[in-house]
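Below is one structure; the comments refer to it alone.
The values are calculated or read from the model by the stated rules, or taken from the named source; none is laboratory data. What you see is a predicted model, and the numbers here were worked out from it, not measured in a lab. All Cβ positions, even for glycine, are placed from backbone atoms using ideal geometry, and neighbour counts span all protein chains on display. Accessible surface is based on the protein model in full, side chains and every heavy atom, while ligands, DNA and RNA are left aside. Shrake-Rupley method; radii C 1.70, N 1.55, O 1.52, S 1.80 Å.
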Amino acid sequence: MPLQMHFVGNGVESQEYVVVLLHGLDSSSRTWKSTLEGLAHAEIPAVAVDLRGSGQTPMGAVFSRDQVVSDLDTFLFQYYPRRTCILVGHSMGGRVAMCYAAQHPQNVAAL
């Protein structure tokens with residue numbers, strides 16, 4: 001059963017793309033609160049996720065870079081199918097973003 005990732009969207013919808021905000025180690029989606037608000041004001045669709053073991057997302061059985069990248073892929077497929085994403089990451093989130101973009105370049109418009 002896939003891990004259920006907690007996320008917070010900014011209420012702006014697009015059928016084309018979404019900005020995905022990825023937090024650093026020892027942080028959560030709350031890190032991006034003001035960024036989500038600013039992007040909403042600019043009418044840019046965005047979502048901040050709690051990565052595995054952070055915020056309201058459980059740790060699960062395994063914690064590895066590959067597993068976190070897989071979690072992100074599952075999340076995007078489930079909630080944002082057929083949309084490209086713009087990945088924004090801080091610290092560990094940046095590494096996850098780079099790995100995801102390398103493995104799934106067809107899904108990433110910008111990094």
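Descriptive notes on the structure:
- Flag if residue 58 is under 18 Å from residue 6 (Cα atoms), at pLDDT below 95 and loosely packed, with under 13 Cβ neighbours inside 10 Å: no
- Some residue of the range 8-28 being in contact with a Lys or Arg (Cβ under 6 Å, 6 or more places away or on another chain) and surrounded by 13 or more Cβ atoms within 10 Å (Cβ to Cβ): yes
- Selection within the range 70-90 - over 10 Å from the mean Cα position of the chain (by Cα) and either surrounded by 14 or more Cβ atoms within 10 Å (Cβ to Cβ) or of a type in the set (Val, Ile, Thr) (or both): 70, 74, 79, 80, 83, 84, 90
- Qualifying residue in the range 29-40 (condition: touching a residue at least 40 places away in the same chain (Cβ under 8 Å), open to solvent by 40 Å² or more (accessible area, probe 1.4 Å), within 22 Å of residue 106 (Cα to Cα) and within 14 Å of the chain's Cα centre (by Cα)): no
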